[in-house]
Amino acid sequence: MKIFANAVVTLNFKLFDTDGGLIEQNDTPVTYLHGGYSGIFPKVEEALNFRTTGDVVKLSLEPAEAFGDYDPTLVRLEPLADLPPDIAVGGYLSSGDEEAQVWRVTEISNGQAVLDGNHELAGQRVLFECTVLDVRAATEEEIEHGHAHGTHSRCH
């Protein structure tokens with residue numbers, strides 16, 4: 001079966017930096033609903049159109065096509081007294097409201113912490129490689145919910 005809108009796609013992926021260094025790869029297959037449901041980067045989804053099980057797709061993603069451009073306005077300096085006592089460099093904080101912003105702690109010095117709201121790969125071009133493991137038609141319920149159900153997909 002070929003990949004088309006409202007198909008459920010299962011794949012393995014690897015993400016590389018521009019020097020070919022491995023940044024990330026999945027431990028278990030990833031399953032998403034194909035067809036503009038925001039389950040995968042749009043450029044990757046476009047490249048997967050009409051592919052089938054066993055196909056390998058490799059492509060370069062510019063920052064805007066992947067993790068976004070780096071936004072310096074998403075960097076804040078906060079007093080340690082206003083933050084949880086167990087804060088550490090490399091840790092994460094969340095704003096906790098409806099549209100929670102995740103902040104990565106990048107530095108602690110002189111009683112203050114630098115919080116960065118950018119994705120760690122923001123501003124970077126990355127190389128994406130994936131292998132299609134399975135393709136099937138989505139159920140009406142999956143289409144209605146806007147995501148795949150079952151093994152390797154997100155749950156309710």
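The values are calculated or read from the model by the stated rules, or taken from the named source; none is laboratory data. The structure presented is a predicted model; accordingly, all values stated were derived computationally and were not measured. Positions of Cβ are backbone-derived with ideal geometry, glycine not excepted, and every protein chain shown enters the neighbour counts. Only protein heavy atoms, including side chains, enter the accessible area calculation; ligands, DNA and RNA are left aside. Shrake-Rupley method; radii C 1.70, N 1.55, O 1.52, S 1.80 Å.
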Mean-square fluctuation check for the chain, GNM, Cα pairs under 10 Å: which of Arg76, Arg125, Arg136 is largest?
Arg76
At a temperature of 10 °C and a viscosity of 1.306 mPa s, determine how fast region 25-80 diffuses translationally according to Stokes-Einstein, using the Kirkwood radius over alpha-carbon pairs as Rh; express D in µm²/s, rounded to the nearest whole number.
112 µm²/s
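Restricting attention to region 40-118, which chymotrypsin sites (Phe, Trp or Tyr not before Pro) occupy a DSSP loop and are surrounded by at most 16 other Cβ atoms within 10 Å?
Listed in order of number, the matching sites are Phe50, Tyr70.
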Spelling it out for Val75: with amide H atoms placed in the peptide plane at 1.01 Å from N, the residues 5 or more places away or on another chain with amide H under 5 Å from its amide H are Gly117
How fast does the chain diffuse by Stokes-Einstein, in µm²/s, taking the Kirkwood radius from C-alpha pairs at 25 °C and 0.890 mPa s?
139 µm²/s
Can you give the accessible area of Asp17, probe radius 1.4 Å, in Å² rounded to 10?
50 Å²
Can you work out ³J(HN,Hα) from phi for every residue in region 73-84, in order, using Karplus 6.51 cos²θ - 1.76 cosθ + 1.60 and θ = phi - 60°, giving whole Hz and x for Gly and Pro?
6, 8, 10, 10, 10, 10, x, 4, 4, 8, 10, x
Quick one: which residues, 5 or more positions from Leu133 or on another chain, have an amide H under 5 Å from its amide H? H modelled 1.01 Å from N in the peptide plane, none for Pro or chain starts.
Thr10, Leu11, Asn12, Gly54
Can you send over the solvent-accessible area of His147, 1.4 Å probe, protein chains only, in Å² to the nearest 10?
20 Å²
PRE zone check, label point 7 Å out along Cα-to-Cβ of Gln25, amide N under 18 Å, scope region 118-153, hits 126-134
Using θ = phi - 60° and the Karplus form 6.51 cos²θ - 1.76 cosθ + 1.60, what ³J(HN,Hα) does each residue of region 60-70 get, whole Hz, x for Gly and Pro?
9, 10, 6, x, 5, 8, 10, 9, x, 6, 6
Accessible surface, region 16-98, averaged per residue in Å² (probe 1.4 Å)
64 Å²
Mind telling me which of Pro63, Pro79, Pro42 comes out most flexible in a GNM of the chain, alpha-carbon contacts under 10 Å?
Pro79
What percent does the relative contact order of the chain come to when contacts are Cα pairs within less than 8 Å and at least six residues apart?
36 percent
Give me a comma-separated list of calculated 3J(HN,Hα) values for region 43-49, in order, Karplus coefficients 6.51, -1.76, 1.60 applied at θ = phi - 60°, integers in Hz, x for any Gly or Pro.
5, 5, 4, 4, 5, 8, 3
